[in-house]
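Worksheet: the structure to be examined is printed underneath.
The values are calculated or read from the model by the stated rules, or taken from the named source; none is laboratory data. Predicted, not measured: the structure shown is a model, and the values here were computed from it. As a convention, Cβ positions derive from the backbone with ideal geometry for all residues, glycine included, and neighbour counts pool all protein chains shown.
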Amino acid sequence: MTRKLIIPLLIIYVMSATSCVTGKKYRTLQDTSRQFMDERDNLRSANIALEMTNRELESKMSMTEQEINKIKEEIVKANNAKDKAVQDYNTISGRYNDLQNAQEELIRGNVRETQKLLTELQAAQENLKNKEDMLRQLEQTLDTKKASLDELTFELEKRNARLVELEKILDAQKRIAQDLKNKVSEALLGFENNGLTVSQKNGKVYVSLDEQLLFRSGSWEIDANGRNALRKLSAVLERNPGIQITIEGHTDNVPYNSGGSLLRDNWDLSVKRATTVVRVLLEGSKIDPERLTAAGHGEFMPVDPGNTSDARQKNRRTEVVLTPDLTELYRLIDKY
């Protein structure tokens, strides 16, 4: 009997029995009716819960069916991929077998070629080894050259420093020589271009005195005009104690006529004139004699090699060579 029929029957039964049952039984029936009603309510709640569970199960079943369909599709794709892989494998396996057969055929048919290639390979390896040995030797040589280059670079830097210092000293010497030339030119202003010239070259000052300014022909005695010029020069030299003085006598190429004198030739005449100039420079001055040097060159250092009267006149001269103190320069040269 269903639950829907039970409840009406109970009501009818209760109503039919109301007139003939006692109060106690009526209460019993009421209790029973309430129990049935509670049971009904419980059954309703259970039914609702079952319906919700059923709907959830149906939803899960739908999702599961969808997943099953996807899995089936993936299985189909996997089977297709497997079939293609099997096909590719068979193709590759066939090619591999063909290549292996070709390789075996090549090996069997080209043993001598292979041996030749091996020989060439060994030769190439030996050549490579030789090249590597040569490369190591070159690297060692390069290291040696580099060390030498470093040493040369260091030496070059030292030489450059030395050159800079030398240039400074030379510039100083040039300035000293230029200053000295100016002083000498100023002191001998009245004599320049009148048998006397002052020039500067190679860091030295040259005072050139023509024969006619100092001596008569063939003589070594200095006249008054020449002594005056030399005294003016002596005053400048006295005020510049760092200057070395060289007096050089020069003659022309005409042989000297001794005329019974003690002089034998142009050598003697050039030396005698130089020593005479030295004595005049020292007369009444405080010049240190150690600063002076007398030299005679005869006719062998002409300023004009021509064989004319004008050339011979130029060559008959006395030169006073003034050299600034080169001690510092020589010290620097000896240092290196």
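Tabulated values for the structure
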| read-out | value |
| --- | --- |
| Residue match in the range 248-255 (condition: modelled with pLDDT of 95 or more and farther than 19 Å from Ser217 by Cα) | no |
| Yes/no for Gly260 being closer than 17 Å to Val207 by Cα and small (Gly, Ala, Ser) | no |
| Residues (at pLDDT 85 or above and of a type in the set (D, E, K, R)) located in the range 45-64 | Arg55, Glu56, Glu58, Lys60 |
| Candidate set from the range 192-218 (those that are part of a loop (DSSP other than H, G, I, E, B) and in contact with a strand residue (DSSP E or B) (Cβ under 8 Å, 6 or more places away or on another chain)); member that is surrounded by the fewest Cβ atoms within 10 Å (Cβ to Cβ) | Gly203 |
| Residue tally, condition surrounded by fewer than 18 Cβ atoms within 10 Å (Cβ to Cβ) and either of a type in the set (A, V, I, L, M) or closer than 15 Å to Glu319 by Cβ (or both), over the range 177-191 | 1 |
| Within the range 231-336, helices (runs of 4 or more DSSP H) holding 1 or more residues that are of a type in the set (A, V, I, L, M) and over 20 Å from Thr197 (Cα atoms) | 266-282, 327-335 |
| Where Arg162 falls short, out of the listed (1) loosely packed, with under 12 Cβ neighbours inside 10 Å; (2) in contact with a Phe, Trp or Tyr (Cβ under 9 Å, 6 or more places away or on another chain); (3) among the charged types (D, E, K, R) | (1) |
| One residue from Ser208, Ser234, Ser261 being small (Gly, Ala, Ser) and under 26 Å from Gly306 (Cα atoms) | Ser208 |
| Checklist (1) at pLDDT 95 or above; (2) closer than 20 Å to Gly218 by Cβ; (3) not basic (Lys, Arg) applied to Val320, failing item | (2) |
| Breaking point among (1) of a type in the set (S, T, N, Q); (2) surrounded by 19 or more Cβ atoms within 10 Å (Cβ to Cβ); (3) farther than 22 Å from Lys174 by Cα; (4) touching a residue at least 40 places away in the same chain (Cβ under 8 Å), for Ser270 | (4) |
| Hits in the range 189-202 (condition: at pLDDT 90 or above and either farther than 20 Å from Leu214 by Cβ or hydrophobic (A, V, I, L, M, F, W, C) (or both)) | Leu196, Val198, Gln200, Lys201 |
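Yes or no, residue by residue, for (1) more than 12 Å from Leu322 (Cβ to Cβ); (2) of a type in the set (Gly, Ala, Ser):
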position	(1), (2)
Arg162	yes, no
Ala172	yes, yes
Glu186	yes, no
Leu209	yes, no
Leu214	yes, no
Gly218	yes, yes
Asn240	no, no
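Every residue, every condition in (1) modelled with pLDDT of 95 or more; (2) under 27 Å from Leu262 (Cβ atoms); (3) among the hydrophobic types (A, V, I, L, M, F, W, C), yes or no:
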site: Ile176; (1), (2), (3): no, no, yes
site: Leu180; (1), (2), (3): no, no, yes
site: Val184; (1), (2), (3): no, no, yes
site: Val207; (1), (2), (3): yes, no, yes
site: Ser217; (1), (2), (3): no, yes, no
